[in-house]
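Comments concern the structure below.
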Amino acid sequence: MIKEFTKGLFKENPIFVIALGLCPTLATSTMVINALGMGAGVIFVLVCSNIFISLLKNFIPDNVRIPAYIVVIASFVTIVQMVMEAYAPALYAALGVFVPLIVVNCIILGRAEAFANKNKVLPSILDGLGMGVGFTLALTLIALIREVLGSGTITLPGCVITVPVISIAPMRVIAFPAGALLVLGLLKAFFQYKEGRK
Amino acid sequence: MKNIIIIAVKLAVICLVAAFVLALVNGITAPQIAASKAQAELDALSVINKAGTIGERVEGDGAGVNYYFPVTDGGKVTNYIMSLTSMGYGGNLVILGNFKVNGEIIDAKLMEDSETPGLGKKAENAEYMNKFKGTGADKPVPVKKTMLESADADAVTGATITFTGVSKALEYGSEFAKKLGGQK
């Protein structure tokens, strides 16, 4: 059972191995705090949608399952958006358009289709948690590299750490969208290499 | 045929439940969201206005100025605080600007935007507006990157459209303040 949780962390990491949800990964990995906020949103939506889709798997007719999943996912995303805007307006302002875009994050629809509609509730919760945490870890790693090299800072909730030396002349290209592709590509190559040597 | 009706009814049930839950959450969060927005504007007003009494809200011209507050000191209008709208990279920008009667920019703050985090979003920082302060009367508002000092120009690199949006709004506000010319 615990395997359902751990597989999402490394062996089937959604970003580095399955390569799902790359759009929000590239877009929100400019600052560490954005990565953490986005990760928290994705974990919540992923776990909730996995629970409900697992519960409803016998109720949802097979030929309209995709629209039904989208309605469930979109509802949770809208709840996240409203709650975030009401109680964490700073985070909401920082993430902006990426919060509603969680709806079309392929990881969530992918797990609903590939896992939750075939399994019981408890494994689905663990799967959602593992995939969500794996996504957050990968996203935070990319954001950390990009923020340190691209801006010379590390922005955490409530404080900003300035990295000496780099902050004087940061590599601006790493902070741009092109830099996101470069960092992601290099990291994926690294994980592929590690995997191949085993 | 019967099958299609069952599918439609099931999908409708899912949508109805979802709509009901969302309405419930909206009912709880909407007042909180409105309150925090109003509080944010009140905070911003007190930050960018250092002296004088903020007067009654006046509707703007509908083009670039949403609304404005004349600020009086000893019965005379000294400056105007305006809510300005313009276009950024990701959508509308709403800027609160404080202008002297002669059009000089005292301070400004970006209130709402959909800019890219890490690039255009940096315009939300208070320091971003420093390059506009003091312009608008004797010096023109910098609306092009070439009108900035090289350090400031570097800082807006990668977010030129955001910079243009902010500067055009402030330039419009400055002209609007000159047109009002001290009247309430």
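Values quoted throughout were computed directly from the atomic coordinates according to the rules given, and no laboratory measurement underlies them. In this text, all values refer to a predicted model and were calculated from it rather than measured experimentally. So basically every Cβ, Gly included, is an ideal-geometry build from the backbone, and we count neighbours across all protein chains shown.
In the elastic network of chain A, a GNM with C-alpha springs shorter than 10 Å, the most mobile of A:Cys159, A:Cys23, A:Cys48 is A:Cys159. Under the convention that each Lys and Arg Cβ holds +1 and each Asp and Glu Cβ holds -1, the size of the dipole of the protein assembly as shown around its Cα centre is about 1100 debye. For a paramagnetic label modelled on A:Ile70 (point 7 Å from Cα along Cα→Cβ), amide N atoms under 18 Å away belong, within the range B:1-44, to B:7-19. Between B:Leu42 and B:Thr72, the contour length at 0.36 nm per residue exceeds the Cα-Cα span by 9.1 nm.
Estimated from the Cβ-Cβ distance and a Förster radius of 25 angstrom, the FRET efficiency linking B:Arg57 and B:Ala23 is about 0.20.
Which of rounded, prolate or oblate describes the protein assembly as shown when judged by the alpha-carbon gyration tensor and an a/c cut-off of 1.5? Oblate. Computed from label points 7 Å out along Cα-Cβ, the spacing between B:Glu149 and A:Lys3 is 6.3 nm.
Comparing B:Leu93, B:Leu84, B:Leu148 in a Gaussian network model of chain B (Cα springs below 10 Å), the most mobile by mean-square fluctuation is B:Leu148. Among A:Met82, B:Met1, B:Met147, the ranking by other beta carbons within 10 Å of each residue's beta carbon, starting with the fewest, stands as B:Met1, B:Met147, A:Met82.
When Rg and the Kirkwood Rh are both derived from Cα coordinates, the Rg/Rh ratio for chain B amounts to 1.17. Debye-formula intensities of chain A, expressed as log10 I(q)/I(0) at q = 0.13 Å⁻¹, are -0.71 (one equal scatterer per alpha-carbon, no solvent). Distance between the C-alpha centres of the range B:125-161 and the range B:31-57: 25 Å, rounded to the whole angstrom. Calculated mean residue ellipticity at 222 nm for the protein assembly as shown: -17500 deg cm²/dmol, from DSSP H runs with n ≥ 4 weighted as -39500 (n - 2.57), summed, divided by the residue count and rounded to 500.
Note on chain A: GNM, Cα springs under 10 Å; of A:Ala90, A:Ala40, A:Ala116, the largest mean-square fluctuation is that of A:Ala90. For the range A:15-78 versus the range A:135-156, the inter-centroid distance based on Cα atoms is 22 Å.
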